[in-house]
Amino acid sequence: MTAQSKLENLKVEALSKMQAASSSQALYNVKVEFLGKNGLLTEIMKEMASLSKEEKPAFGKSVNEVKQALEQAYEGFETALKAKEIEEKMNSEEVDLTLPGFTRPRGSVHPVHLVINEIYSIMSRLGYAIRQGPLIELDSYNFEALNIPADHPARDMQDTFFIDKTHVLRTHTSPIQIHSLESEKPPLRIIGTGAVFRCDSDISHLPHFHQIEGMCVDRKVSMGDLKGTISFFVKEFFGGDLKTRFRPSFFPFTEPSAEVDCTCPICKGKGCSMCKHTGWIEIGGCGLINPKVLAHAQVKYPEWQGFAFGFGIERMAIIKYGVDDIRLFPENDLRFLRQFEM
Ligand code: DAH
């Protein structure tokens, strides 16, 4: 049999198989058998070798024609079969439009993140930009640059998880201040939030909790600016006419330093178990940035001065939402989390 007649037979056979195909899948299988990469049409091209130089072009052309014809036929059969299949499906399946739909459980934002989002929204109105820092810090960023040298007694305040000799899980968000001072030029107003870690765990302490850090560096910065900023922030965050008070304190990275209390939002200052009957709740520390910290980051003092503050986020959430156990935050009990659904 000549190559040409083999080709003719192949075409006839392919067409009849396509016609006989009863489903679009069966039709597709026929397509693969004949037109596929290793199909019969490719196979027949091997006949080329046995042809004379003059016969070759004509045979090549015929193969192409057969290929096109088969592809065209395939499309025609496919359209018809698909339409038939849809028709059959519609006739055999019944859709009951009166059935109730599926209700999908909705997620909600974790209260820690509700607090973080609100902090961002309040502080961005004061021109603060958001900055982040690594959770694994060099010892030098977590301590040294913040004026806490290796043998300084203030390190006792930080129960540190050491990773190796030079790396720690950051014990506070204050190193974010250093990253910003080193990589940006003043004037600066930044806010940073995130997880911090301390080897400490009881009813009111978690080994893994969150803080917010704020820093403002400008030409003239005073305790008055700091108090104004924090009072505004506390009023916006807790709402109502909560008062803030500043108690003298000590942090190596600020001078002078203060601790910030706000009126207990539960009893409005009258005294309750939440505020240990003092009427005040402590939310964090603050102060004017110690010139030593600025000098360490090559920022010129007194040309540039600054204030900083650091608050505990779970603490703020406890006060705002009236949560009575800090351990509820990392537990992720859905009964707790669902109370924050919007
Ligand atoms: N880093 C301190 C802590 O974890 C909190 C703090 C106090 C941050 C005073 C500050 C600050 O920025 O000025 O206990």
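The values are calculated or read from the model by the stated rules, or taken from the named source; none is laboratory data. All values derive from a computational prediction rather than experimental measurement. No Cβ is skipped: glycine too gets one built from the backbone with ideal geometry, and neighbour counts run over all protein chains shown.
Note on region 301-323: residues that are surrounded by 11 or more Cβ atoms within 10 Å (Cβ to Cβ) and over 16 Å from Leu114 (Cβ atoms) amount to 8.
Every condition in (1) buried (at least 19 other Cβ atoms within 10 Å of the Cβ); (2) without any contact (Cβ under 8 Å) to a residue 24 or more places away in the chain; (3) not in a strand (DSSP E or B) is met by Asp261 except one, and the failing one is (3). Just to verify a result, which residue in region 123-147, among those that are surrounded by fewer than 20 Cβ atoms within 10 Å (Cβ to Cβ) and among the aliphatic types (A, V, I, L, M), is farthest from Glu182 (Cα to Cα)? Residue satisfying both the conditions and the ranking: Leu126.
Return a yes/no flag: does region 215-228 have any residue that is more than 16 Å from the ligand (Cβ to nearest atom), assigned to a loop (DSSP other than H, G, I, E, B), of a type outside the set (Gly, Ala, Ser) and surrounded by fewer than 21 Cβ atoms within 10 Å (Cβ to Cβ). Yes. For Glu282, the conditions (1) among the acidic types (Asp, Glu); (2) modelled with pLDDT under 95; (3) loosely packed, with under 15 Cβ neighbours inside 10 Å all hold with the exception of (3). The set of residues in region 305-325 being of a type in the set (Phe, Trp, Tyr), touching a Leu at 6+ places or on another chain (Cβ under 9 Å) and within 16 Å of the ligand (Cβ to nearest atom) consists of Phe307, Phe309. Selection within region 232-256: residues that are out of contact with any Pro (no Cβ under 9 Å at 6 or more places or on another chain) and more than 16 Å from the ligand (Cβ to nearest atom). The member of this set that is farthest from Ala308 (Cα to Cα) is Asp241. The set of residues in region 158-193 being within 26 Å of Ala317 (Cβ to Cβ), over 23 Å from the mean Cα position of the chain (by Cα) and either among the polar types (S, T, N, Q) or at pLDDT below 90 (or both) consists of Gln158, Asp159, Thr160.
This table checks each residue for (1) surrounded by fewer than 13 Cβ atoms within 10 Å (Cβ to Cβ); (2) outside the structural domain of Lys82 (by TED's automatic domain parsing); (3) in contact (Cβ under 8 Å) with a residue 40 or more places away in the chain; (4) under 29 Å from Lys84 (Cβ atoms).
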| residue | (1), (2), (3), (4) |
| --- | --- |
| Ala14 | no, no, yes, yes |
| Lys17 | no, no, no, yes |
| Ser24 | no, no, yes, yes |
| Leu27 | no, no, yes, yes |
| Val32 | yes, no, no, yes |
| Gly39 | no, no, no, yes |
| Met45 | no, no, no, no |
| Ala49 | yes, no, no, no |
| Lys61 | yes, no, no, no |
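Residue count for region 293-310 under the criterion of being outside any helix (DSSP H, G or I) and touching a residue at least 40 places away in the same chain (Cβ under 8 Å): the result is 11.
When only residues in region 257-272 that are within 20 Å of Asp241 (Cα to Cα) and touching a Gly at 6+ places or on another chain (Cβ under 6 Å) count, which is farthest from the ligand (Cβ to nearest atom)? The qualifying residue farthest from the ligand (Cβ to nearest atom) is Gly271.
Among the residues of region 123-157, those that are at pLDDT below 90 and closer than 22 Å to Gly306 by Cβ comprise Pro149, His152, Ala154, Met157.
Hey, among the residues in region 238-258 that are touching a Leu at 6+ places or on another chain (Cβ under 9 Å) and buried (at least 17 other Cβ atoms within 10 Å of the Cβ), which one's farthest from Asp225 (Cα to Cα)? Checked region 238-258; the qualifying residue farthest from Asp225 (Cα to Cα) is Pro252.
Scanning region 273-292 for residues being more than 8 Å from the ligand (Cβ to nearest atom) and either in a helix (DSSP H, G or I) or on the phi > 0 side of the Ramachandran plot (or both) gives a total of 5. On the stretch given as region 127-157, residues that are closer than 30 Å to Gln339 by Cβ and touching a Phe, Trp or Tyr at 6+ places or on another chain (Cβ under 8 Å) total 2.
Here Gly101 meets each of (1) loosely packed, with under 15 Cβ neighbours inside 10 Å; (2) under 48 Å from the mean Cα position of the chain (by Cα); (3) at pLDDT 90 or above with one exception, condition (3). Which one is nearest to Ala297 (Cα to Cα), of the residues in region 172-193 that are within 12 Å of the ligand (Cβ to nearest atom) and in a strand (DSSP E or B)? So, considering only residues that are within 12 Å of the ligand (Cβ to nearest atom) and in a strand (DSSP E or B), the one nearest to Ala297 (Cα to Cα) is Ile190. Flag set for Ile176, criterion: under 19 Å from Phe311 (Cα atoms) and β-branched (Val, Ile, Thr).
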